[in-house]
Amino acid sequence: MLFLPDDQGKIMKYVLVIGDGMADYPVPELDGKTPLQVARKPNMDSIAAKGRSGLLRTVPDGFNPGSDTAILSLLGYDPRQFSVARGALESAARGITLEEHDVAFRCNLITAENGVLVDHSAGHITTPEAEQLMAAVKDAFEKPGEVDFFTGLDYRHFLVMRNLPDSNLIECAPPHDFIGERVEAVLPKAKSTKAEDAANLLRRMVLDSKAVLEAHPVNAARRKAGKRMGNMIWPWGGGEKPSLPTFEEKYGLHAAVISAVDRVKGIAVYTDMQVINVPGATGMYDTNYEGKAEAALRALEENDFVFVHVEAPDEAGHERNAKRKVKAIEDLDARLLAPLLEGLREPYTISVLPDHPTPITVGTHTSDPVPFAIQSPFQAPDDARKFDEISAKKGAFGLVENKSLVSLLLAAGKVSI
Ligand SMILES: [Zn+2]
C-alpha cells in the first residue's frame, strides 16, 4: 500500500487490462495495417499518449506461446521457473483442489470415428448432455483414492489421478492438435517405466470409454440428429498443483482478477488473487464488457490492483477474421475501458496490452514481443501517441525482455523523489 506524501490518505490503485491476442502482423485485408492500427480506440490511444509505451517479451524463447505462459510471465512469474499444466490451472478455476502428488488432467469428450480422432470437442457438445455422459464415465471408471472424474463445461472435463510419481512421465496428446490421427497412435504413453502402470490405466480408460459412451441415450439422440457423438474421453494437459508465491507475497498488494477464462482464473487461484465472476462474461464477442468495467471499479474499493482480461480478440485471431478482431478491440475500448477510465478515482496507474499476438494471417499464437502502454501520474509522456505495434516502437521503454509488466507498472506508480 502506498500513501502519497502530498495527498494524505489517497492510495495508488493499479489497473491492468489485457486484450487477449490483440497484437498482430500487417493484414492485407486491412491495407497492410494491423487491427490495432485500424480500430477506433480513443481510450487505449489516450493511455499511450498520456503515458509511456514499449514492446514486451512475454514468451521466453523455446516456450509455447500459450496465454497461461504469457500471463504468468507478465505478472512476474517467469515461465522458466514456474510452469503450470492446463489441467492443474483449469481444475483450480472449477474449485477442484489437489493434494500433493495428485495430477489433474483435462478430460475432453471427443469424437472418434473408425479409429480416427475426428473432433476434440464432440461437436461442441452441450453441458447438460456432457453431464449425463460424464456421470456414466464416473460410474464405469472412478476409483476413489485412485481416479476421480469432475464435470466441467461443454466438452471440457477433468480426471484426477491420485499419487502419481511424476506427471511429466506421461505423454498425452492435446486432442485439438491431433485431429485426423489414428487414436491408437496418440494414446497416453509412459516416458519412464515408473509411469507404466498409470499410462496403462489411462489408455485402458480411453479405449473402454467408447463402449460405455456409445451405449448412452444422449449419444443415441445425437447420432439420430446427425450430430457428432461424445464417444470417448481424452485426458491431456496433466499436472500437479504448482507452488507459486502469492501476488501479495511478491508485491505486497491485494489483487483481484476478472476473466471468463478458466486458465486465467486458475492463475488467480494459485497466486491467491481474488477471482471475480461477472455475470454474462463469456470469453466470446458477446461478453459483458460493461459488467467487467463495473466489477473492476468495485474490486478497487477493496483491492490495490485489478487485472481485467478480455478473450474476444484472440478468438477473432484464431478465426482469422480481421473485421471481428477490429470490432472486438473497439468494443473493449468503448464498452470496457471508457467506463473504467471514467469511474477511476485518482491516483491510479493503468496499463493496457495483449498477452501475445494471435495474428490473423497465422490463425494461432506467436511469441513476438507485444506493445504495451503505461499511464501514471508520475511519468511524463513519451513520443508514442497511439497504441499499436508500430507506435510502441517509439516508446520510452524500448524492447523490454527480462522484466514483468507488473514490475514496470508498480515502478511507474511510485513517486519519484
Ligand atoms: Zn488463443
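Assorted remarks:
- Atom-type composition of the exposed protein surface of the range 266-417 places 50 percent of the accessible area on carbon and sulfur (1.4 angstrom probe).
- 3J(HN,Hα) couplings calculated from phi for the range 369-385 with the Karplus curve 6.51 cos²θ - 1.76 cosθ + 1.60 (θ = phi - 60°) are, in sequence order, x, 10, x, 9, 9, 10, 10, 9, x, 9, 10, 5, x, 9, 7, 6, 9 Hz; Gly and Pro show x.
- Solvent-accessible area, 1.4 Å probe, carbon plus sulfur percent, for the range 160-200: 43 percent
- Expressed per residue, the C-alpha convex hull volume of the range 165-243 stands at 118 Å³.
- Projected-area average for the range 233-292 over all orientations - Cα convex hull basis, square nanometres: 5.8 nm²
- Relative contact order [Cα under 8 Å, 6+ residues apart], the range 309-369, whole percent: 40 percent
- Residue-wise HN-Hα couplings along the range 192-201, as the Karplus relation 6.51 cos²θ - 1.76 cosθ + 1.60 with θ = phi - 60° gives them from phi, are 8, 4, 4, 9, 4, 5, 5, 5, 4, 4 Hz; Gly and Pro carry x.
- Taken over the range 205-363, the percentage of Cα pairs per 5 Å bin, counting from 0 up to the bin with the maximum distance, is 2, 8, 13, 14, 14, 13, 12, 10, 6, 5, 2, 1, 0.
- Within the chain, percent of DSSP bridges classed antiparallel, to nearest 5: 60 percent
- Between residue 21 and 355, 356, the built amide H atoms are under 5 Å apart, and every one of these is 5 or more places off in sequence or on another chain.
- Centre separation in Å (Cα based) which lies between the range 256-330 and the range 19-36: 21 Å
- Three-way shape call for the range 91-199 based on the alpha-carbon gyration tensor, with the a/c threshold at 1.5: oblate
- Rounded percent of accessible protein surface that carbon and sulfur make up, the range 28-147, 1.4 Å probe: 45 percent
- Only helical runs count toward this figure. For the chain, summing -39,500 (n - 2.57) over DSSP H runs of n ≥ 4 and dividing by all residues gives -9000 deg cm²/dmol at 222 nm.
- Scattering from the chain was approximated by placing one identical point on each alpha carbon and applying the Debye formula without solvent; log10 I(q)/I(0) at 0.07, 0.13 1/Å stands at -0.36, -1.11.
- Dipole size of the range 16-111 about its Cα centre, with +1 on Lys/Arg Cβ and -1 on Asp/Glu Cβ: approximately 420 debye, rounded to the nearest 20.
- Applied to the range 257-268, the Karplus parametrisation 6.51 cos²θ - 1.76 cosθ + 1.60 on θ = phi - 60° returns per-residue 3J(HN,Hα) values of 10, 10, 7, 9, 9, 4, 4, 6, 5, x, 4, 4 Hz, with x for Gly and Pro.
- Distance between the 7 Å Cα→Cβ label points at residue 301 and residue 101: 4.7 nm.
- Backbone amide hydrogens, once placed in the peptide plane, bring residue 285 within less than 5 Å of nothing, excluding anything fewer than 5 places away on its chain.
- The chain, accessible area per residue, ligands and nucleic acids excluded (1.4 Å, Å²): 42 Å²
- P(r) tail fraction, the range 1-127 - alpha-carbon pairs more than 21 Å apart, %: 68 percent
- Rounded to the nearest 10 degrees, the inclination of helix 322-331 to the longest alpha-carbon principal axis of the chain is 60 degrees.
- Near the amide H of residue 275, within less than 5 Å, lie the amide hydrogens of 257, all on another chain or at least 5 residues away, with H placed in the peptide plane.
- Placing unit charges on the Cβ atoms of the charged side chains and taking the dipole of the chain about its Cα centre, the candidate lying farthest along the positive direction among 232, 391, 109 is 391.
- In Å, descending, principal axis extents of the Cα set of the range 296-396: 40, 31, 21
- Principal axis box of the range 116-255, alpha-carbon based, largest edge first, Å: 57, 40, 31
- Counting only Cβ charges, +1 for Lys and Arg and -1 for Asp and Glu, the dipole size of the chain around its Cα centre is about 580 debye.
- Only alpha carbons enter this Debye calculation for the range 52-122, each as an equal point scatterer, and the log10 of I(q)/I(0) it gives at q = 0.19, 0.23, 0.24 Å⁻¹ is -0.91, -1.03, -1.06.
- For the range 343-417, a/c is not less than 1.5, where a ≥ b ≥ c are the root eigenvalues of the C-alpha gyration tensor, and a/b tops b/c. That puts it in the prolate class.
The values are calculated or read from the model by the stated rules, or taken from the named source; none is laboratory data. Treat the numbers as computed from the prediction; the structure is a model and nothing was measured. A quick note on method: Cβ atoms are made from the backbone with ideal geometry, for glycine too, and the neighbour counts reach across all protein chains shown. Just so you know, the surface numbers come from the protein's heavy atoms only, side chains and all, with ligands and any DNA or RNA stripped out. Shrake-Rupley method; radii C 1.70, N 1.55, O 1.52, S 1.80 Å.
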